[in-house]
Amino acid sequence: MAKRLKNFQKMTTKDVFLSVYKACSEIPGKRGPEAGYLLWGHLTRCASLTQDFFASEYGGSNRKSSVLKELFLSGLLHDIGKLFLPAELLLKKKLEKEDWPIIEKHVEKYYVENALEKKLGIDYKSVPHEIIDIGTKHHVLLDGTGYSGVQIDSMARFSENKVLLTFMIIDKFEAGTSFLRPWQPRKRYMQIFLELQEAMEKGQLDKTKILSFFSFLFDDSITNLTCLPQIVSGFYGRR
Ligand SMILES: [Fe+2]
Ligand SMILES: [Fe+2]
């Protein structure tokens, strides 16, 4: 008998967290656990940064725990489609041109929905569309370049999505400064900031979102962060 899928709305953050952890640790192949470790690290750090950034934006008293939970889970699930990529590809030290079309598949709607169902055992229809949207659209750039797993009907509407636009910056920051990309040396805060600024000048990223995210990273008055250990220990490099 087919296993019953879990209803996302009835799951706690911990339930989803554990499902993702289990799926990452079960990536098949000889190097599966190693690939799973990299992916897990990126997903959890993106989740913390996203939740913490928006918690600071909304201010202490306006925080709604259900909103923050959804933001945390958006970060945790954004690259879930990568569970279908071969472990060897996630660990490659040098990527070839032909590797990119395979990597880009992780945002395809089919990959995202199937990863939720087949790898996490979650009924994807019960997952809020905002979370699926982040999974399928987080590599779209504002000038229409980048790549998407779904058709973008209106760039104007896309550019109004505050969470998605901010998440794109958080994802690029995390992936660039951490171990996620074995084909690239880890970069420092400032290096990433300059790269993001360059993309902003080309009209690819939103200027105000870059500035607010970096002022959040530099704001030492915020102490109740789940991502604080990484920031203070210099995990993301020197500020
Ligand atoms: Fe991605
Ligand atoms: Fe990512």
(message) Please give the Cα centre distance for segment 101-127 versus segment 27-97, rounded to the nearest Å.
(response) 14
(request) With θ set to phi - 60°, apply the Karplus curve 6.51 cos²θ - 1.76 cosθ + 1.60 along segment 85-102 and write out the HN-Hα couplings as whole Hz, x wherever there is a Gly or Pro. (result) 7, x, 3, 4, 5, 5, 10, 4, 7, 9, 8, 9, 4, 6, 6, 4, x, 6
(request) Evaluate segment 8-232: find the radius of gyration of its Cα atoms, find its Kirkwood radius, and give the ratio Rg to Rh. (result) 0.93
(message) For G146, what residues show an amide H to amide H distance below 5 Å, using hydrogens built from the backbone and excluding near sequence neighbours?
(response) L141
(message) Please give me, ordered by residue number, the trypsin sites (Lys or Arg not before Pro) of segment 75-129 that lie in loop per DSSP and have at most 10 other Cβ atoms within 10 Å.
(response) K93, K94
(request) Normalising by the residue count of segment 8-232, find the relative contact order in percent from Cα pairs under 8 Å and 6+ residues apart. (result) 22
(request) For segment 106-121, just list the computed ³J(HN,Hα) in residue order, Karplus coefficients 6.51, -1.76 and 1.60, θ = phi - 60°, integers in Hz, with x standing in for Gly and Pro. (result) 4, 9, 5, 3, 4, 5, 5, 5, 5, 5, 4, 7, 7, 9, 9, x
(request) Name the long-range amide H neighbours of I122: under 5 Å, sequence gap of 5 or more, or other chain; modelled H, no Pro or chain starts. (result) K6, E117
(message) Per 0.36 nm of contour for each residue apart, how much would the distance between E104 and Q191 grow if the chain were fully extended, relative to their Cα-Cα spacing?
(response) 28.9 nm
(request) Work out which helices of the chain, taken as complete DSSP H runs, extend at least 27 Å along their axis over the Cα atoms and score a mean Kyte-Doolittle of -1.0 or more, then list them. (result) 32-58
(request) Using only the Cα atoms of segment 2-99, build the gyration tensor, take square roots of its eigenvalues as a ≥ b ≥ c, and label the shape rounded, prolate or oblate: rounded if a/c is under 1.5, else prolate if a/b is larger than b/c, else oblate. (result) oblate
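Read-outs: derived from the displayed coordinates by stated rules, not from any lab. Quantities reported herein were computed from a predicted structural model and do not represent experimental measurements. Methodologically, a virtual Cβ is constructed for each residue, glycine included, from the backbone with ideal geometry; neighbour enumeration extends over all protein chains shown.
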